[in-house]
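Scroll down for the structure; my scribbles are underneath it.
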Amino acid sequence: MVTRSFREEYVKILRDYLSAQGEDQLYGAQQLGKWMLSRDISPEEITDLHAQALEQLGEVPEFVRSSFSILTEVMIEYGNEHRSVNSWRNRHQQMESEIAVAKAMQQSLLPSEVPVYPELEIGVVSIAAKQISGDYYDFIEQTEGRFGVAIADITGKGMPAAMCMSMVKYAIDSLGQMELGPDEMLHHLNRIVGRNIDPSMFVTMLFGSYDSKEHCFRYAMAGHEPGFLYRSAEGKFYDLEGRGNALGLCPNSEYAVQEIHLEINDVLILLTDGVTECKNNRYYLQREELVHHLQKEVGNSAQKMANGLYNRLLLLSQFDLLDDYTMIVLRRT
Amino acid sequence: MVVADYSPETINIEQESDIVTARQVGRNMSKLFGFGTITQSRIATSISELARNIYLYAGTGTITISPVEREGVIGLQITANDSGPGIPDIRQALDDGYSTSGALGAGLPGVKRMMDEFEIHSTLGEGTRVIVVKWSD
């Protein structure tokens, strides 16, 4: 709303400028513009303000006076746009704060700490490309020194992925009680996911159970990016074998159990495709190159290895993380 | 001023020139009631948008401009009526992002903001009625 004192201020600046035509009055006008914008004074109000100020300063020729009708009419459209942008800005702020709440909620779905077992180190790095992540991982306590580990990638990013993730989390939580084998776990999850998500979405997952006494890892895969097994005795990395349909694709998918025994200093690396699809300038990193970078981290503790690889890949991609990134490192000591 | 002395005017909207007539009637009446120049233009623009919606989407309809009075304050009420296809989703039609795309209900968010009161009724296949009021400042 244009107030009387503001109107007088405008007349003064205009009068001073007309007599001196100095840069300082123009500077004053610019500052006034900022102030007007902060008060949401619309372009058509400014047009009218100017017309009225002219009337106060002298005899205004009729054609000038009339011409303001055209200017006002045009400015009304700009005014509408200005008001519309303001309403967008408010909505944007509202969405930002909703996303911040969703982000905090999502964080609470992920484990706040890793389980501790003798002769085993566990390291985790999980970073969202944007605010909300489509990657999920969890550790599930089991009996007799065993624990379950799940790592999953939900197609797409953002809100839809986050909503799907909470469903996967609750399903794993309730199925976890039953201490199913990895193949049965994926079989049940597949049915639950298939029934509850949009047909265009699916979830890839590796579910495994680690026996900390025998150092035996039994796992099954559902269309998930294969991880790596590092054999310390050979100094070599192997792909984690296993296949099976991603969760939510077909209702009766079957999954096979794979079994690995870890010797001292052997390392298991579980990951999502954000790790393997890391982009180095124009091309995607090949698995051989990834192994090359992993090799340099061998000998470090599990967490240090996970951190080290993340930092290397981040540098390679010039700090531009395209996809959600999750890596879990299990190292027998 | 006694508003009751002035009777409402209805303009049939059938061709583009009728939009201009409706604007003119609205502008004259708002001048007569002492609305400021910006308000006059906002009323004319609102009439324009409502009449254009009729012309573009319903083909034909009416714009009625009536003086109103409430607790001593004078206002202008504009009623747009048509028997067109109706608006499937009114909330969407009043959404800035939707209407600026030039789809059905163009300009409605702008009208809603420029006026003091805004009312809309729309039934699919039966038509749309928009009632807006601008009170004198």
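Name the most mobile residue of A:GLU23, A:GLU241, A:GLU254, meaning the one with the largest mean-square fluctuation, in a Gaussian network model of chain A with Cα contacts below 10 Å.
Greatest mean-square fluctuation among the candidates belongs to A:GLU23.
Could you tell me the number of lysine pairs in region A:154-310 with C-alpha atoms less than 25 Å from each other, where the two lysines are 8 or more residues apart or belong to different chains?
Lysine pairs meeting the criterion: 10.
When the Cα centres of region A:232-307 and region B:30-65 are compared, how far apart do they sit, in Å?
A separation of 67 Å, based on Cα centres.
If I model region A:215-333 as equal point scatterers sitting on the Cα atoms and use the Debye formula, what is log10 I(q)/I(0) at q = 0.14, 0.23 Å⁻¹?
-0.62, -1.34
Show which lysines lie in cross-link reach of A:LYS34 when reach means a straight Cα distance below 18 angstrom and same-chain residues fewer than eight apart are skipped.
List returned: A:LYS12.
Given a cut-off of under 8 Å on Cα pairs at least six residues apart, what relative contact order in percent is computed for chain B? Write down the numbers at each step before the final one.
Numbers: 274 pairs, mean separation 34.2, N = 137.
Over chain B, the number comes to 25 percent.
Of A:ARG231, A:ARG39, A:ARG146, which is the most mobile in a GNM of chain A whose springs link Cα atoms less than 10 angstrom apart?
Highest fluctuation of the listed residues: A:ARG39.
Going 7 Å from the Cα of A:ARG89 toward and past its Cβ, which residues in region A:43-62 have a backbone nitrogen under 19 Å from where you end up?
Output list for this probe position: A:43-47.
Which residue, A:LYS130, A:LYS12, A:LYS213, has the most motion in a Gaussian network model of chain A that connects Cα atoms within less than 10 Å?
Fluctuation is largest for A:LYS12.
Counting only residues 5 or more places away or on other chains, whose amide H sits under 5 Å from the amide H of B:GLU117 once H atoms are built in the peptide plane?
Residues meeting the criterion, in which the H sits 1.01 Å from N, are B:VAL133.
Give the lysines whose C-alpha is closer than 16 Å to that of B:LYS112, dropping any in the same chain fewer than 8 places away, or say none.
Within the straight-line limit of under 16 Å, B:LYS112 reaches these lysines: B:LYS134.
Whose amide H sits under 5 Å from the amide H of A:TYR238, counting only residues 5 or more places off or on another chain, with H placed in the peptide plane?
Sorted by chain and number, the residues that satisfy this are A:LEU229, A:TYR230, A:ARG231.
Can you give the log10 of the normalised intensity I(q)/I(0) at q = 0.08, 0.09, 0.13 Å⁻¹, computed with Debye over equal Cα scatterers of the protein assembly as shown?
Debye curve over Cα of the protein assembly as shown, log10 I(q)/I(0) at q = 0.08, 0.09, 0.13 Å⁻¹: -0.71, -0.76, -1.07.
Could you provide, to the nearest whole Å², the per residue accessible area of region A:221-322 with probe 1.4 Å? Write down the numbers at each step before the final one.
Values: 5320 Å² over 102 residues.
Accessible area per residue, region A:221-322: 52 Å².
Taking the full set of protein chains and a 1.4 angstrom probe, give the accessible area of B:TRP135 in square angstrom, rounded to the nearest 10.
Rounded to the nearest 10, that gives 40 Å².
Calculate how steeply helix B:16-32 sits against the longest principal axis of the alpha-carbon atoms of chain B, using the helix alpha-carbon long axis, and give the answer as 0 to 90 degrees to the nearest 10.
30
Using the Cα centre of the protein assembly as shown as the reference point, and only Cβ charges (+1 on K/R, -1 on D/E), how large is the resulting charge dipole? Debye, rounded to the nearest 20.
440
Could you give the angle, 0 to 90 degrees to the nearest 10, between helix B:37-53's Cα long axis and the longest principal axis of the Cα atoms of chain B?
30
Using mean Cβ contacts within 10 Å as the protection proxy, how do A:220-230, A:110-120, A:76-86 order, highest first?
Numbers: A:220-230: 22.9, A:110-120: 13.0, A:76-86: 17.3.
Averaged packing, sorted descending, gives the order A:220-230, A:76-86, A:110-120.
Above 28 angstrom, tally the Cα pairs of chain B and express them as a % of all pairs, no decimals. Kindly include the intermediate steps, with their values, before the conclusion.
Details: 1236 of 9316 pairs.
Value for chain B (Cα pairs over 28 Å): 13 percent.
For B:ARG129, A:ARG332, give the ranking by accessible area with the largest first, probe 1.4 Å. Show your work: numbers first, answer last.
On the way: B:ARG129 100, A:ARG332 45 Å².
Largest accessible area first, the list is B:ARG129, A:ARG332.
For B:ASP137, tell me the accessible area in Å² from a 1.4 Å probe, rounded to the nearest 10.
140
What does the helix-only formula give at 222 nm for chain B: each DSSP H stretch with n ≥ 4 adding -39500 (n - 2.57), the total divided by the residues, and the result rounded to the nearest 500 deg cm²/dmol? Before the final figure, lay out each step's value.
Working: 5 runs with 49 residues, N = 137.
Rounded to the nearest 500, it is -10500 deg cm²/dmol.
For region B:8-135, with all protein chains present and a 1.4 Å probe, just round the carbon and sulfur fraction of the accessible area to a whole percent. If you can, show how the numbers build up before the last one.
On the way: 2550 of 5660 Å².
Ligands and nucleic acids excluded, carbon and sulfur reach 45 percent.
The values are calculated or read from the model by the stated rules, or taken from the named source; none is laboratory data. In this text, all values refer to a predicted model and were calculated from it rather than measured experimentally. Because the Cβ atoms are built from the backbone with ideal geometry, glycine has one as well, and the counts that use them run over all protein chains shown. Remember, those area values only see protein heavy atoms, side chains included, never the ligands or the DNA or RNA. Shrake-Rupley method; radii C 1.70, N 1.55, O 1.52, S 1.80 Å.
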